Structure formats: structure tokens, C-alpha cells
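A.B. asks: Here it is, the structure, as C-alpha cells.
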Amino acid sequence: MTVQTLRARLTRDDIQRLSDASDAEGRALAARKFCARFASVDLSDDERKIGSEVVRLLADDAAELVRRSLSVTLQRSSHLPPDVARKLANDIDSIAMPVIAGSPVLSDEDLVEIVRTSPSRRQAAVAARSDVSEIVVHEIVEVGDREAVKILASNNGARFDARGYASALNRFDGDADVLDQFVLRSSLPVTITEKLIAHISDSAMQTLVNRHALPAQLAVELAEGARERATVDLVEQAGLSDEPRRFVQQLQLNGRLTPSLILRSLFRGHMSFFEHCMAEMGGVTHEKAWLLVHDAGSLGLETLFKRAGMPERILPVARSAVSAWHSLEIGPNGTPDIIRFRRLLAERILTQFQGVPQAELDYILDRLDADEAELGQMRLSAAS
């Protein structure tokens, strides 16, 4: 039995307070203590059964303060009886919202019913849950309030399938304010990023192309100005691509596979893209290119450079970049660790080799500034 459980034990005074009809505040304090004990994992089946009956009595208490204490204390407990969860979810907002937003015992059917029958703020609470199933996503997207759909679109815990995405794109076809929220997701299917391009704002467009993979041809078209004022960093898109070989081939077909682009990819740590570029230009398999790129000696990369027709003047920079890449590791914390890795990579390359072409130097410094700005924005968002 834990210290927390011991502290949550009810005393004789607590029992008296629970039954004191004249003291709502005292009953609320005792109810919170009882619910904390009830939520613990070490109760027997008989104790859990008796406790459930007490919880039902608390849910019927006339005092709002008591019911709110019950709702807040047990909002994330898997032991809250489902019938009590539904009852609390139908109470006034101060009692219903914690349960709607967090209770794991509410079923998909319960949540769908809330979306169908409740006002916007309760739909929004459903949309913001840490796990929203495909069934509930469909309901919110198809009949939910606009604000609830906006929250749902950026919620990584909302499980969008093909139908969910299609319904959202169809229903909010002309509403960039809603569709912009999709670009904030941690991942998007490539087919969806392609469809969003024509419907989102320019600012969301920039986030989309910097965060999510685009089909190679579309990335090239955007880089060439197919959409007014839109730009795309092909280096970052190369790093996002889950099919680097096809991406490289598309760049080659469009005449965009330049030594400058390849060198910049190395500065950003996109090693797989670099390997595929050298394989494509050298006319060898990726496996062979990998062996030559990562050859511990000095001849492998040099041989591949000559075969690929790469300028000899940038070979020392590339060799320094590969060496620096091998000396570093990316941490497990997502974007902040990636940004740190890129900064250290650039520093080591520039330390080892001073003859980086000015255009590439300007590019990498600009990108590092953009990384730091992104990291600063993330910290501000986390603090708020």
C-alpha cells in the first residue's frame, strides 16, 4: 500500500462529513478524499463494488460542489462506473467538461451522442481528447461545430482515416481557417498534403512544406513558383521523403539535382538523400553508393564523386560533412534534438573545412537561424 493510498484513507470525521446534509463544503472535501481512495488499484472486488455505490450516491448529491469534486477527482479513472460517467457528462458544464474531456470509460457511442446533442464547447472537449477513434472523428467532422473540427484537425490523438480526411476537405473546402489546422499535425499522408495545397493560407502552406512530405513533382513545381508567393525548401522535402530514390529521380528529371542542392543536404544531415543522389548520378546501386560514401578510407567517396561527375572542389567539404555526421548522434526528443544535431553538424563541418562556397555558407546560416526561431516558438508555446 502506497503513502498516497494511506493518506487517502477515510477517517471517522470523513464518514460523518459525507452524511452531513448541511455542510456541502465538508461533503465535497470528504468526497474528494473518498474518490482518491476509490481510484487506487489495491481495492478488493467487494470494496470496489461498495465504493461504486457510494460514488453513485455522490453523483446524485444536490450540491454542485460535491458533484464537481467527484468529477474532477475521477475524470481520468478507469474505475469510474460508466453509468456515473454518463450522468456526470450530462450535468452542468463545470461538472461535465472534465469527464467529457478525459474519462476513459466513456464509450465511442457515448461520445458520438455528446457530439450529436451537445453545444459547441462540449463537442470541442470531445475533439481535444487524447485519443479520438475513427468513429468519433467521423461524427465530429460530419456534424460537429466548426470550432470542434478545428481542434480535432490539429489533435494528434485524433485518428483520421481516409473517410475522415475526405469529409473534412469536402465540408470545409473553402474554409482555410479550418484546413490550416491540419498542417499542425505531426504527420499527414502525402495524398492529403497534396490536396491541402490548393485550400490553405500562404502561412499554413509554408508550415506544410517545411513539416510534411510532398510528392516530389509537386515539391519541384512549388519551388519553381507554380503557386504565387509559395516557396519550398527542396533540401528539407528530401529529408521528409519516405521514398528518397524516387524523389532523387524526380529532381534529376526536372534538372534540379545540382551539386549545390546535394551539398546543402549534407549540411542539414540528410545522409540518406545524399547517398541516393550519389547513386543516381554515379549509375550505381544505393547499396554500393552507401559503401563508397561511408568508406573509412579516403578513396571511396573520391571514386564515387568522379563517377558521378561532381565538382572536385567540393569533395573536401563533403568528406568533412560525412566525418562530422558519423561523430554525432541525434537525441530522442524530436525536433529540439534534431535542431541541436544540425547546429553541431554545421559547426564541425565549418571547423574541419574553411573553404565552403559562400552561397552554401549563407544558406546553412539562414537555415540555422530559422531552426532557432522554430525552437524559440516551440518553447513559447510550451510555456503558455
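A.B. asks: Do we have any residue at all in the stretch 329-343 that's touching a residue at least 60 places away in the same chain (Cβ under 8 Å) and not β-branched (Val, Ile, Thr)?
C.D. replies: Scanning the stretch 329-343 turns up at least one residue that is touching a residue at least 60 places away in the same chain (Cβ under 8 Å) and not β-branched (Val, Ile, Thr).
A.B. asks: Within the stretch 272-293, restricting attention to residues that are part of a loop (DSSP other than H, G, I, E, B) and not hydrophobic (A, V, I, L, M, F, W, C), which residue is nearest to the chain's Cα centre (by Cα)? Reasoning before the result, please.
C.D. replies: First pass over the stretch 272-293, keeping only residues part of a loop (DSSP other than H, G, I, E, B): 283-285.
Filter once more, so that each one left must be not hydrophobic (A, V, I, L, M, F, W, C): 283, 285.
Details: GLY283: 38, THR285: 34 Å.
My answer is THR285.
Results for (1) closer than 25 Å to LYS49 by Cα; (2) surrounded by fewer than 18 Cβ atoms within 10 Å (Cβ to Cβ); (3) charged (D, E, K, R), shown as yes or no for each residue.
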| residue | (1), (2), (3) |
| --- | --- |
| ALA85 | yes, no, no |
| ILE92 | no, yes, no |
| SER107 | yes, yes, no |
| SER120 | no, yes, no |
| ILE140 | no, no, no |
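A.B. asks: For the stretch 242-285: of the residues being buried (at least 19 other Cβ atoms within 10 Å of the Cβ) and either touching a strand residue (DSSP E or B) at 6+ places or on another chain (Cβ under 9 Å) or charged (D, E, K, R) (or both), which is nearest to LEU301 (Cα to Cα)?
C.D. replies: GLU275
A.B. asks: I would also like to ask the following. Would you mind telling me which numbered condition in (1) part of a helix (DSSP H, G or I); (2) closer than 21 Å to ILE349 by Cβ; (3) in contact (Cβ under 8 Å) with a residue 40 or more places away in the chain GLY269 fails?
C.D. replies: Every listed condition holds for GLY269 apart from (1).
A.B. asks: Next up: Would you say LEU111 is crowded, with 23+ Cβ neighbours inside 10 Å, over 22 Å from PHE160 (Cβ atoms) and not hydroxyl-bearing (Ser, Thr, Tyr)?
C.D. replies: Criteria not met by LEU111.
A.B. asks: Now, a different point. Of the numbered conditions (1) in contact with a Ser or Thr (Cβ under 9 Å, 6 or more places away or on another chain); (2) within 18 Å of LEU234 (Cβ to Cβ), LEU292 satisfies every one except a single condition; which is it?
C.D. replies: Only one criterion is unmet by LEU292, namely (2).
A.B. asks: Here is a follow-up. Taking into account only those residues within the stretch 183-204 that are among the hydroxyl-bearing types (Ser, Thr, Tyr) and within 19 Å of VAL149 (Cα to Cα), which is surrounded by the most Cβ atoms within 10 Å (Cβ to Cβ)? Outline the logic, then answer.
C.D. replies: Initial filter on the stretch 183-204 (among the hydroxyl-bearing types (Ser, Thr, Tyr)): 186-187, 191, 193, 201, 203.
Subsequent filtering for residues that are within 19 Å of VAL149 (Cα to Cα) retains 186-187, 193, 201.
On the way: SER186: 10, SER187: 11, THR193: 23, SER201: 13.
Step by step, filter the stretch 183-204, then rank; the result is THR193.
Coordinate-derived values only; no laboratory data. Just so it is clear, the model here is predicted, and its values are computed rather than measured. Cβ coordinates were reconstructed from backbone atoms using ideal geometry, including for glycine residues, and neighbour counts include every protein chain displayed.
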